[in-house]
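Visitor: Below are the C-alpha coordinates for one structure; questions will follow.
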Amino acid sequence: ILLIIPAGYLNSILVWPTGNIYIAGLTEEICKFLALYYLFKNRQQFNEPMDAIVYGVLISMGFATLENFEYVYIYSEANLSLITAILRAFTAIPMHATCAVIMGYYLGMYIFRLENFALFKAIVYPVIFHGVYNLLVQYVPIVWLFWLIFMISFAVRLHKRFIFEQKLKNVEDEKKLI
(Lines give C-alpha, C1' and ligand atoms only; values in the text may rest on other atoms or scores of the structure.)
Protein backbone atom coordinates (compact mmCIF):
# COMPACT_ATOMS: atom_id res chain seq x y z
CA ILE A 1 0.00 0.00 0.00
CA LEU A 2 2.83 2.39 0.82
CA LEU A 3 4.15 2.11 -2.73
CA ILE A 4 1.43 4.49 -3.80
CA ILE A 5 3.40 7.32 -2.15
CA PRO A 6 6.51 7.20 -4.37
CA ALA A 7 4.44 6.18 -7.40
CA GLY A 8 2.01 9.03 -6.75
CA TYR A 9 4.87 11.47 -6.39
CA LEU A 10 6.47 10.30 -9.64
CA ASN A 11 3.10 10.41 -11.39
CA SER A 12 2.54 13.97 -10.16
CA ILE A 13 5.78 14.98 -11.88
CA LEU A 14 5.69 12.81 -15.02
CA VAL A 15 2.05 11.94 -15.72
CA TRP A 16 -0.51 14.47 -14.49
CA PRO A 17 1.14 17.62 -15.91
CA THR A 18 1.36 16.02 -19.37
CA GLY A 19 -1.89 14.04 -19.31
CA ASN A 20 -0.03 10.99 -20.62
CA ILE A 21 -1.43 8.36 -18.29
CA TYR A 22 0.39 5.56 -20.11
CA ILE A 23 3.58 6.75 -18.34
CA ALA A 24 1.99 5.66 -15.04
CA GLY A 25 2.73 2.09 -16.12
CA LEU A 26 6.42 2.95 -15.98
CA THR A 27 6.37 4.61 -12.56
CA GLU A 28 4.01 2.15 -10.88
CA GLU A 29 5.52 -1.07 -12.21
CA ILE A 30 9.07 0.02 -11.41
CA CYS A 31 8.03 0.83 -7.82
CA LYS A 32 6.40 -2.60 -7.51
CA PHE A 33 9.43 -4.32 -9.03
CA LEU A 34 11.84 -2.59 -6.66
CA ALA A 35 9.72 -3.59 -3.66
CA LEU A 36 9.50 -7.19 -4.84
CA TYR A 37 13.19 -7.42 -5.63
CA TYR A 38 14.59 -5.66 -2.56
CA LEU A 39 12.03 -6.47 0.15
CA PHE A 40 11.14 -10.08 -0.61
CA LYS A 41 13.80 -11.75 -2.77
CA ASN A 42 16.20 -12.39 0.11
CA ARG A 43 13.64 -13.73 2.58
CA GLN A 44 14.02 -17.34 3.64
CA GLN A 45 10.38 -18.05 2.72
CA PHE A 46 11.08 -16.90 -0.84
CA ASN A 47 12.34 -20.34 -1.83
CA GLU A 48 10.81 -21.23 -5.20
CA PRO A 49 9.90 -19.43 -8.44
CA MET A 50 6.16 -19.41 -7.67
CA ASP A 51 6.89 -17.22 -4.63
CA ALA A 52 7.79 -14.37 -6.97
CA ILE A 53 4.26 -14.49 -8.36
CA VAL A 54 2.65 -14.75 -4.92
CA TYR A 55 4.61 -11.85 -3.43
CA GLY A 56 4.25 -9.83 -6.63
CA VAL A 57 0.46 -10.17 -6.57
CA LEU A 58 0.45 -9.31 -2.86
CA ILE A 59 2.34 -6.09 -3.54
CA SER A 60 0.21 -5.29 -6.54
CA MET A 61 -3.12 -5.80 -4.76
CA GLY A 62 -2.10 -3.53 -1.89
CA PHE A 63 -1.15 -0.90 -4.42
CA ALA A 64 -4.33 -1.35 -6.49
CA THR A 65 -6.54 -1.15 -3.40
CA LEU A 66 -5.27 2.24 -2.31
CA GLU A 67 -5.17 3.50 -5.89
CA ASN A 68 -8.83 2.52 -6.31
CA PHE A 69 -9.78 4.40 -3.15
CA GLU A 70 -8.08 7.44 -4.66
CA TYR A 71 -9.96 7.16 -7.93
CA VAL A 72 -13.31 6.54 -6.27
CA TYR A 73 -13.16 9.06 -3.42
CA ILE A 74 -10.84 11.78 -4.70
CA TYR A 75 -10.91 11.92 -8.50
CA SER A 76 -14.45 10.75 -9.20
CA GLU A 77 -17.48 12.99 -8.98
CA ALA A 78 -19.95 11.94 -6.29
CA ASN A 79 -22.56 10.73 -8.77
CA LEU A 80 -19.97 8.64 -10.66
CA SER A 81 -18.10 7.08 -7.73
CA LEU A 82 -20.11 3.82 -7.74
CA ILE A 83 -19.60 3.39 -11.49
CA THR A 84 -15.90 4.17 -11.09
CA ALA A 85 -15.60 1.64 -8.26
CA ILE A 86 -17.28 -1.11 -10.27
CA LEU A 87 -15.27 -0.44 -13.42
CA ARG A 88 -11.98 -0.38 -11.55
CA ALA A 89 -12.87 -3.54 -9.60
CA PHE A 90 -13.43 -5.49 -12.81
CA THR A 91 -10.66 -3.94 -14.90
CA ALA A 92 -7.91 -2.11 -12.98
CA ILE A 93 -7.54 -4.74 -10.26
CA PRO A 94 -7.15 -7.63 -12.76
CA MET A 95 -4.74 -5.47 -14.78
CA HIS A 96 -2.53 -4.87 -11.72
CA ALA A 97 -2.69 -8.55 -10.75
CA THR A 98 -1.86 -9.61 -14.30
CA CYS A 99 1.19 -7.35 -14.43
CA ALA A 100 2.29 -8.82 -11.09
CA VAL A 101 1.97 -12.40 -12.36
CA ILE A 102 4.03 -11.52 -15.43
CA MET A 103 6.64 -9.72 -13.33
CA GLY A 104 6.75 -12.55 -10.79
CA TYR A 105 7.08 -15.23 -13.42
CA TYR A 106 10.10 -13.66 -15.07
CA LEU A 107 11.68 -12.60 -11.78
CA GLY A 108 11.34 -16.19 -10.54
CA MET A 109 12.99 -17.41 -13.74
CA TYR A 110 15.84 -14.97 -13.15
CA ILE A 111 16.39 -15.72 -9.46
CA PHE A 112 16.08 -19.51 -9.60
CA ARG A 113 17.03 -20.43 -13.17
CA LEU A 114 19.21 -17.53 -14.39
CA GLU A 115 17.16 -17.52 -17.58
CA ASN A 116 18.54 -15.16 -20.21
CA PHE A 117 16.81 -11.78 -20.31
CA ALA A 118 14.35 -12.77 -17.57
CA LEU A 119 15.20 -9.79 -15.36
CA PHE A 120 14.70 -7.48 -18.34
CA LYS A 121 11.33 -9.12 -19.09
CA ALA A 122 10.31 -8.87 -15.41
CA ILE A 123 10.52 -5.09 -15.67
CA VAL A 124 9.75 -4.31 -19.30
CA TYR A 125 6.74 -6.56 -19.94
CA PRO A 126 4.63 -5.23 -17.03
CA VAL A 127 5.57 -1.63 -17.92
CA ILE A 128 4.49 -2.17 -21.53
CA PHE A 129 1.31 -4.09 -20.60
CA HIS A 130 0.31 -1.45 -18.03
CA GLY A 131 1.20 1.45 -20.31
CA VAL A 132 -0.77 0.06 -23.27
CA TYR A 133 -3.72 -0.63 -20.95
CA ASN A 134 -3.68 3.00 -19.75
CA LEU A 135 -3.26 4.33 -23.29
CA LEU A 136 -6.19 2.30 -24.59
CA VAL A 137 -8.40 3.26 -21.64
CA GLN A 138 -7.77 6.89 -22.46
CA TYR A 139 -8.10 6.77 -26.25
CA VAL A 140 -9.64 3.48 -27.50
CA PRO A 141 -12.03 2.11 -24.87
CA ILE A 142 -13.40 -0.86 -26.84
CA VAL A 143 -9.97 -2.21 -27.79
CA TRP A 144 -8.92 -1.78 -24.16
CA LEU A 145 -11.19 -4.64 -23.09
CA PHE A 146 -9.61 -6.96 -25.65
CA TRP A 147 -6.17 -5.89 -24.42
CA LEU A 148 -7.18 -6.75 -20.85
CA ILE A 149 -8.38 -10.18 -21.98
CA PHE A 150 -5.08 -10.72 -23.81
CA MET A 151 -3.13 -9.68 -20.69
CA ILE A 152 -5.06 -12.06 -18.49
CA SER A 153 -4.64 -14.99 -20.89
CA PHE A 154 -0.89 -14.29 -21.17
CA ALA A 155 -0.54 -14.28 -17.36
CA VAL A 156 -2.63 -17.45 -17.03
CA ARG A 157 -0.33 -19.24 -19.50
CA LEU A 158 2.74 -18.22 -17.50
CA HIS A 159 1.11 -19.35 -14.25
CA LYS A 160 0.17 -22.71 -15.79
CA ARG A 161 3.76 -23.15 -16.90
CA PHE A 162 4.91 -22.70 -13.28
CA ILE A 163 2.31 -25.17 -12.05
CA PHE A 164 3.44 -27.73 -14.63
CA GLU A 165 7.08 -27.27 -13.62
CA GLN A 166 6.19 -27.65 -9.93
CA LYS A 167 4.53 -31.00 -10.61
CA LEU A 168 7.80 -32.22 -12.12
CA LYS A 169 9.83 -31.33 -9.01
CA ASN A 170 10.72 -33.83 -6.30
CA VAL A 171 11.69 -31.24 -3.66
CA GLU A 172 9.72 -28.12 -2.78
CA ASP A 173 12.75 -26.02 -1.83
CA GLU A 174 14.96 -24.63 -4.62
CA LYS A 175 18.33 -22.89 -4.50
CA LYS A 176 18.53 -19.24 -5.44
CA LEU A 177 21.10 -18.69 -8.10
CA ILE A 178 21.55 -14.97 -7.55
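The values are calculated or read from the model by the stated rules, or taken from the named source; none is laboratory data. Please read these numbers as outputs of a predicted model, since none were measured by experiment. Glycine also receives a Cβ, built like all others from the backbone with ideal geometry; neighbour counts cover every protein chain displayed. Surface accessibility is based on the protein's heavy atoms, side chains included, excluding ligands, DNA and RNA. Shrake-Rupley method; radii C 1.70, N 1.55, O 1.52, S 1.80 Å.
Visitor: Starting from a Cα-only point model with no solvent, please compute log10 I(q)/I(0) by Debye for the range 1-124 at q = 0.20, 0.22 1/Å.
Guide: Taken in order of the listed q values, log10 I(q)/I(0) reads -1.10, -1.24.
Visitor: If you roll a 1.4 Å probe over the chain with all protein chains in place, what percent of the accessible area is carbon or sulfur? Intermediate values should be presented prior to the final figure.
Guide: Working: 6870 of 9850 Å².
Answer for the chain is 70 percent, counting heavy atoms of protein chains only.
Visitor: Which of rounded, prolate or oblate describes the range 55-116 when judged by the alpha-carbon gyration tensor and an a/c cut-off of 1.5?
Guide: On the way: a/c = 4.97, a/b = 3.46, b/c = 1.43.
Here the range 55-116 falls in the prolate category.
Visitor: Please compute the length gained on full extension between Ile93 and Asn42, using 0.36 nm multiplied by the number of residues separating them and subtracting their Cα-Cα distance.
Guide: Extending this stretch completely gives an extra 15.7 nm.
Visitor: Can I ask one more? Under a crude label model (7 Å from the Cα following the beta-carbon direction), how far is Ile178 from Asn20 in nanometres?
Guide: Between Ile178 and Asn20, the label points sit 2.7 nm apart.
Visitor: Please list, or write none, the lysines whose alpha carbon is within less than 28 Å of the alpha carbon of Lys167, excluding same-chain residues fewer than 8 places away.
Guide: The reachable lysines, counting only those whose Cα sits under 28 Å from Lys167, are Lys41, Lys121, Lys175, Lys176.
Visitor: Once the whole set of protein chains is in place, how much accessible area is left on Tyr133, using a 1.4 Å probe, in Å² to the nearest 10?
Guide: Answer for Tyr133: close to 10 Å² accessible.
Visitor: A further question follows. Please identify the longest segment of the chain free of exposed GluC sites (Glu not before Pro), where exposed means a DSSP state other than H, G, I, E or B and no more than 12 other Cβ atoms within 10 Å. List each step's numbers first, then the result.
Guide: Numbers: sites that count: Glu77, Glu172.
The answer is 78-171.
Visitor: May I ask for the angle, rounded to the nearest 10°, between helix 141-168 and the longest principal axis of the chain, with both axes built from Cα atoms and the value confined to 0 to 90°?
Guide: 20 degrees
Visitor: Can you tell me the 0 to 90 degree angle between the C-alpha axis of helix 4-14 and the longest principal axis of the chain, rounded to 10?
Guide: Helix 4-14 sits at roughly 60 degrees to that axis.
Visitor: Specify the angular offset, from 0 to 90 degrees and rounded to the nearest 10, of the alpha carbon long axis of helix 118-139 from the longest principal axis of the alpha carbons in the chain.
Guide: Result, in degrees: 20.
Visitor: What span do the alpha-carbon atoms of the range 45-178 cover on each of the three principal axes, reported in whole Å from largest to smallest?
Guide: 55, 28, 24
Visitor: Helix-only estimate, please: 222 nm mean residue ellipticity of the chain, summing -39500 (n - 2.57) across DSSP H runs of length 4 or more and dividing by its residues, to the nearest 500.
Guide: On the way: 7 runs with 127 residues, N = 178.
Per the formula, -24000 deg cm²/dmol.
Visitor: What is the spin-label model distance, in nm, from Glu165 to Phe120 if the labels are put 7 Å beyond Cα along the C-beta direction?
Guide: Taking the simple label geometry, Glu165 and Phe120 are separated by 1.8 nm.
Visitor: Now a separate question. If you roll a 1.4 Å probe over the heavy atoms of the protein chains, what accessible area per residue do you get for the range 20-166, in Å²? Provide the component values of the computation, followed by the final result.
Guide: On the way: 7380 Å² over 147 residues.
Value returned for the range 20-166: 50 Å² of accessible area per residue.
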